[in-house]
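**Student:** Here you go, one structure.
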Amino acid sequence: MTKEKPRHLSWGLPDAPLSKHPYRDSMLVYGFFAVLVVLLAWITGGSIEKAIVIAAVVWVAASLWSAVRLRQRLQREAAAARDEAEDAA
């Protein structure tokens with residue numbers, strides 16, 4: 001009787017390849033969501049001014065968060081590439 005190694009589930013998502021313009025793409029997506037917030041406020045009879053302010057603040061925060069996370073990812077990938085180059089040498 002042989003004991004098999006227990007299998008572990010991988011819960012993480014694989015890293016998707018970056019687009020050619022990741023900063024621009026994320027800003028456009030968050031801009032779409034900001035416009036959607038303003039449209040929903042207008043449709044429901046809410047305050048357009050408040051919706052514009054909230055949408056702008058959330059858009060800036062989300063865009064900054066995406067830029068920081070993208071920069072961290074690029075730095076992590078560069079460090080991994082350097083480590084592989086050092087190991088190969």
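**Student:** From 12, 45, grab the single residue that is surrounded by fewer than 11 Cβ atoms within 10 Å (Cβ to Cβ) and at positive phi. Talk me through it step by step, then tell me what you get.
**Tutor:** Details: 12 fails: at positive phi.
Among 12, 45, only 45 is surrounded by fewer than 11 Cβ atoms within 10 Å (Cβ to Cβ) and at positive phi.
**Student:** (1) part of a loop (DSSP other than H, G, I, E, B); (2) surrounded by 10 or more Cβ atoms within 10 Å (Cβ to Cβ); (3) under 24 Å from the mean Cα position of the chain (by Cα); (4) not aliphatic (A, V, I, L, M): which one isn't true of residue 30, the others all being true?
**Tutor:** (1) is the only condition that residue 30 fails.
**Student:** Here are 68, 38: which of them is touching a residue at least 12 places away in the same chain (Cβ under 8 Å), part of a helix (DSSP H, G or I) and among the β-branched types (Val, Ile, Thr)?
**Tutor:** Details: 68 fails: touching a residue at least 12 places away in the same chain (Cβ under 8 Å).
Answer to the selection: 38.
**Student:** Taking the stretch 38-89 on its own, how many of its residues are charged (D, E, K, R) and under 21 Å from residue 20 (Cβ atoms)?
**Tutor:** At the first step, the residues of the stretch 38-89 found to be charged (D, E, K, R) are 49-50, 69, 71, 73, 76-77, 82-84, 86-87.
From what is left, the residues that are under 21 Å from residue 20 (Cβ atoms) are 69, 71, 73, 76-77.
So the answer is 5.
All of the numbers you see were taken from the coordinates with simple rules; none came from a lab. In this text, all values refer to a predicted model and were calculated from it rather than measured experimentally. Ideal geometry is used to build each Cβ from the backbone, glycine not excepted, and the neighbour counts take in all protein chains shown.
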